[in-house]
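The values are calculated or read from the model by the stated rules, or taken from the named source; none is laboratory data. Quick caveat, the model's predicted, so the values are computed rather than measured. FYI the Cβ positions are ideal-geometry reconstructions off the backbone, even for glycines, and counts take in every protein chain you see. Just so you know, the surface numbers come from the protein's heavy atoms only, side chains and all, with ligands and any DNA or RNA stripped out. Shrake-Rupley method; radii C 1.70, N 1.55, O 1.52, S 1.80 Å.
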Amino acid sequence: MSRSQLEMSDSEDDDTPQLSSHALAALQEFYAERKQSTNPGEGDKYNVGVIEENWQLSQFWYSQDTALRLAQEAIAAAGEGGRIACVSAPSVYQKLRELHGEGISVYIFEYDKRFAIYGEEFVFYDYNNPLDLPGRIAEHSFDIVVADPPYLSEECLRKTSETIRFLTRGKVLLCTGAIMEEQAAQLLDVKMCKFIPEHSRNLANEFRCYANYDSGLDYET
């Protein structure tokens, strides 16, 4: 290498952008958080939000208070020893597991395979194929189904309703937009509850809960 080439190489090295210690620390924190979101530790894997929202899949997690209220309602509706299905409602599943560990029977039906970290309780679910479920999931085998269809469309609600009717022994707790009230009543015979759910991020559309039984969500706590 000639002297001129060496000088040019040294100059290029000097011109290479260097991260400040603060920026480097922030970048390392970002990658650590991303790793944590895809591979959470055993102790916190049921925390709501430990798996980050994927907006491309129309994922918007409930606030901690809403997830807690819906989980408590599901437990009360299912009764002692009851079985709970969470269809496209991972926040409720996580809160149920966070509260009760292995003491309840609950399954998560979800398209996002990141939730396969929950083992046998994870059931891959695509609302476009509403009855394409594994043989281990028997018809009418859940005391309550908590469902949150991913899209505010008649098609999505109609197909998700097929799944709900297949799974439930009777009770349905549906969470969807206020604009879906009429369709929800027609498809699932549910009525709007007084309780207004909230998300960790504000949504443009008004969101409501619906039930086909005498729900505790119609009463103040």
Quick check on the range 116-136. Is at least one of its residues modelled with pLDDT under 95, in contact with a helix residue (DSSP H, G or I) (Cβ under 8 Å, 6 or more places away or on another chain) and over 24 Å from GLN72 (Cβ atoms)? no
Which numbered condition GLU181 fails, given (1) under 23 Å from TYR111 (Cβ atoms); (2) part of a helix (DSSP H, G or I): (1)
Do we find that ARG169 is without any contact (Cβ under 8 Å) to a residue 24 or more places away in the chain, open to solvent by 20 Å² or more (accessible area, probe 1.4 Å) and within 13 Å of ALA85 (Cα to Cα) in this structure? no
Residue count, the range 177-221 (criterion: over 16 Å from ASP148 (Cβ atoms), of a type in the set (S, T, N, Q) and modelled with pLDDT under 95): 2
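Inside the range 163-178, can you point out the residues that are assigned to a helix (DSSP H, G or I) and over 15 Å from GLU110 (Cα atoms)? Please lay out each step first, then the result.
Going through the range 163-178, the residues assigned to a helix (DSSP H, G or I) turn out to be 163-167, 178.
Result: ARG165, PHE166, ALA178.
Just to confirm my filter: which helices (runs of 4 or more DSSP H) fall fully inside the range 17-111 and include at least 1 residues that are of a type in the set (Val, Ile, Thr) and either open to solvent by less than 80 Å² (accessible area, probe 1.4 Å) or modelled with pLDDT of 85 or more (or both)? Walk me through how you get there before you give the answer.
On the way: elements: 21-38, 64-78, 90-100.
Because the criterion is at least 1 residues that are of a type in the set (Val, Ile, Thr) and either open to solvent by less than 80 Å² (accessible area, probe 1.4 Å) or modelled with pLDDT of 85 or more (or both), the helices (runs of 4 or more DSSP H) in the range 17-111 that meet it are 64-78, 90-100.
Do you know which residues across the range 112-137 are of a type outside the set (Ser, Thr, Tyr) and part of a helix (DSSP H, G or I)?
Of all residues in the range 112-137, those of a type outside the set (Ser, Thr, Tyr) come to 112-117, 119-124, 126, 128-137.
LYS113, ARG114, PHE115, ALA116, ILE117, GLY119, GLU120, GLU121, listed by residue number.
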Being at pLDDT 95 or above, in a strand (DSSP E or B) and open to solvent by 20 Å² or more (accessible area, probe 1.4 Å), is that true of even one residue in the range 138-156? yes
With the condition kept exactly as written, say whether any residue in the range 192-211 is open to solvent by less than 50 Å² (accessible area, probe 1.4 Å), touching a helix residue (DSSP H, G or I) at 6+ places or on another chain (Cβ under 9 Å) and more than 23 Å from ALA77 (Cα to Cα). no
